[in-house]
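Peer 1: Quick one: structure below, then a few questions.
The values are calculated or read from the model by the stated rules, or taken from the named source; none is laboratory data. Predicted, not measured: the structure shown is a model, and the values here were computed from it. With ideal geometry, Cβ positions are generated from the backbone for all residues, glycine too; neighbour counts draw on all protein chains shown.
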Amino acid sequence: MQTIRKKLSILFVTCSIIAILLIILFVNITINNKFDKYMIDIQNKRYEGIVSYFREVYRRDGKWTDSSGIELMHEAYMNNYCLALLDKNERYVWGMNPDNIRNNTHINTMFKSNKGIYNSKRFSIKLNGEVVGYVDIGQYSPILLSEDDVNFKKSINRSIIVSGIIALTVTAAISLYFSRQFSIPIREVANMSENFSKGNFNMKFDSESNIEELEILIKSINVLGKKLKYQDMLRKRLISDISHEIRTPLNVLQNNLEAMMDNVLPVTTDRLNYLNEEVIRFGKLLNNLDILKEFESEGIKLNFERTSLDELVKDVCKDFYMAAENKNIELYYNIEPDKDYIIMADKDKLKQVFINLISNALKFTKKDGKISIDLYSGNKNIIVKIKDNGIGIKKEDLPFIFERLYRGDRSRNQTVGNGIGLTVVKNILQLHSASIDVESEEGKGTVFSVFFNK
């Protein structure tokens, strides 16, 4: 099994090699084709020059002789081609022997398959529109190349190959660097995941990445680690917390009943009322646990009906006016007018959501505070915001406030609660395909935002 860094490196290098080889191939073919065309053009100009030269010789002498244009013989020999002069009746005047240039050390050919094959072309020599003779130009390859031409082509090919090797080396180095940038965060995240699976939730990834997706992955795994750590702590504390919550009222009941049975304490109405309050508190705890169990089960049934969200918010707010006045807290609601707030919902369950959220706002807002409930319509959602200027929530506690039995903030623990209300709120909203978000700053207040699909 290969590491992601090795796989990425192999992928980058392989793609680079293929790309560079294709570039080298295309560049080489293009240059060779252009060079061949260039040589053909030069050769055609040479042919035209030879024909023009013989034309001028005939114009000057008025006839063909054994020495007509023979001065071209040396140039032809040096440039690896043969000349033969014929009169207008195609009778031989003079010519070079092709065998004299067969073993010429200056001969180089681009076409190895044609090496040793003699090719000849005949061109007519015209003067005033009349054919006065012919010249045969022969060679041992379709395109003649001098030694300098061949060296030039070789140097170009070498430059292309060297450039390809340098490009491949640079690309490989860059590929290794970027594969490392990808692989290190992913490897660290994989190591963290492995440690999480072994029950070690204390790890945290402190490195940062300039790649957006990897940065999101790093933040997500860190949040996951915090939640798993909290869940692990919750798992360990759950039994002791529940037993403590149950044991307290039971101990109070048992001690008081035993004292009354032993005539240590007299049986009075006040004492019986006190014991009854403990029984009620014990019953509320069990009821809350039953509610949580009900909402976390898959078998819960909801009674969906057309529900006016603005009327529901108004009714809930009215129920809390008296409690708000008792704490001298200003409670008010703002509803955006001329909007449709009808949704399909279980009215009773949804009412429980707002009761929990507003009661929490009252619970954690000090005297002379303010609580506002805003209802308005967005582009895709109907939004309800419950805002208070209470004690707020610590930043490190925010990701866990919807977890069951969560009471992380010590200042909040001084207030009566069992950490179940927000868990129930979230479960009810999920059953309504709604969502909830929270923003809070310690000492300044909290805003809960509930989003309903239109």
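Peer 1: Based on this model, can you work out whether ASP310 counts as farther than 25 Å from ASP388 by Cα and in the same structural domain as SER377 (by TED's automatic domain parsing)?
Peer 2: In short, no.
Peer 1: For residues that are over 18 Å from MET39 (Cα atoms) and in contact with a helix residue (DSSP H, G or I) (Cβ under 6 Å, 6 or more places away or on another chain), scanning just the range 69-95, find the one that is modelled with the lowest pLDDT.
Peer 2: That would be GLY69.
Peer 1: If HIS106 meets every condition in (1) of a type outside the set (A, V, I, L, M); (2) surrounded by 15 or more Cβ atoms within 10 Å (Cβ to Cβ); (3) modelled with pLDDT under 85 apart from one, which number is that one?
Peer 2: Going through (1) of a type outside the set (A, V, I, L, M); (2) surrounded by 15 or more Cβ atoms within 10 Å (Cβ to Cβ); (3) modelled with pLDDT under 85 one by one, HIS106 breaks only (2).
Peer 1: Right, another one. Could you grab me the full set of residues in the range 325-354 that are in a helix (DSSP H, G or I) and more than 21 Å from SER377 (Cα to Cα)?
Peer 2: Correct list: GLU325, ASN326, ASP348, LYS349, GLN352.
Peer 1: Right, ASP348: within 41 Å of the chain's Cα centre (by Cα), within 21 Å of PHE451 (Cβ to Cβ) and not aliphatic (A, V, I, L, M) or not?
Peer 2: no
Peer 1: When only residues in the range 360-381 that are buried (at least 20 other Cβ atoms within 10 Å of the Cβ) and out of contact with any Leu (no Cβ under 6 Å at 6 or more places or on another chain) count, which is farthest from VAL424 (Cα to Cα)?
Peer 2: Only one residue fits best here, namely GLY369.
Peer 1: Is it the case, given these coordinates, that ARG55 is in a helix (DSSP H, G or I), basic (Lys, Arg) and modelled with pLDDT of 80 or more?
Peer 2: Yes, satisfied.
Peer 1: When you check GLU336 against the structure, is it free of Cβ contacts under 8 Å to residues at least 60 places away in the same chain, charged (D, E, K, R) and closer than 18 Å to GLY445 by Cα, yes or no?
Peer 2: Criteria not met by GLU336.
Peer 1: Now for a different question. LYS63: surrounded by fewer than 16 Cβ atoms within 10 Å (Cβ to Cβ), under 60 Å from the mean Cα position of the chain (by Cα) and modelled with pLDDT of 80 or more, yes or no?
Peer 2: Here the answer is no, as LYS63 does not meet what is asked.
Peer 1: I want to confirm something. Restricting to the range 135-159 and keeping residues that are hydrophobic (A, V, I, L, M, F, W, C) and exposed (fewer than 15 other Cβ atoms within 10 Å of the Cβ), which single residue is modelled with the lowest pLDDT?
Peer 2: Residue satisfying both the conditions and the ranking: VAL150.
Peer 1: Within the range 373-396, can one find any residue that is modelled with pLDDT under 65 and assigned to a loop (DSSP other than H, G, I, E, B)?
Peer 2: no
Peer 1: While we're looking at this one, here's another question. Looking at ILE17, ILE50, can you tell me which residue is in a helix (DSSP H, G or I), of a type outside the set (S, T, N, Q) and either more than 60 Å from the chain's Cα centre (by Cα) or not assigned by TED's automatic domain parsing to the domain that holds SER159 (or both)?
Peer 2: Exactly one residue qualifies, and that residue is ILE50.
Peer 1: Here is a further query. Among the residues in the range 42-51, are any among the hydrophobic types (A, V, I, L, M, F, W, C), modelled with pLDDT under 85 and surrounded by 11 or more Cβ atoms within 10 Å (Cβ to Cβ)?
Peer 2: Yes, that holds for at least one residue.
Peer 1: Right, something else. Given the condition modelled with pLDDT under 85, farther than 30 Å from LEU228 by Cβ and not hydroxyl-bearing (Ser, Thr, Tyr), answer yes or no: does some residue in the range 439-454 qualify?
Peer 2: yes
Peer 1: Return the residues of the range 200-214 that are surrounded by 14 or more Cβ atoms within 10 Å (Cβ to Cβ), touching an Asp or Glu at 6+ places or on another chain (Cβ under 8 Å) and either at pLDDT 75 or above or under 12 Å from PHE182 (Cα atoms) (or both); say none if nothing qualifies.
Peer 2: Result: SER209, single match.
Peer 1: Do any residues in the range 65-89 that are within 12 Å of GLN139 (Cα to Cα) have Cβ atoms under 6 Å from those of residues that are in a loop (DSSP other than H, G, I, E, B) and of a type in the set (A, V, I, L, M, F, W, C), where the two are at least six apart or on different chains, and which pairs are they?
Peer 2: Sorted first by the residue in the range 65-89, then by its partner, the pairs are ASN80/ILE107; CYS82/MET96; LEU83/MET96.
Peer 1: Hey, could you check the range 406-417 for residues that are of a type outside the set (Phe, Trp, Tyr), in contact with a helix residue (DSSP H, G or I) (Cβ under 6 Å, 6 or more places away or on another chain) and within 21 Å of GLN231 (Cα to Cα) and say which is modelled with the highest pLDDT?
Peer 2: My answer is ARG407.
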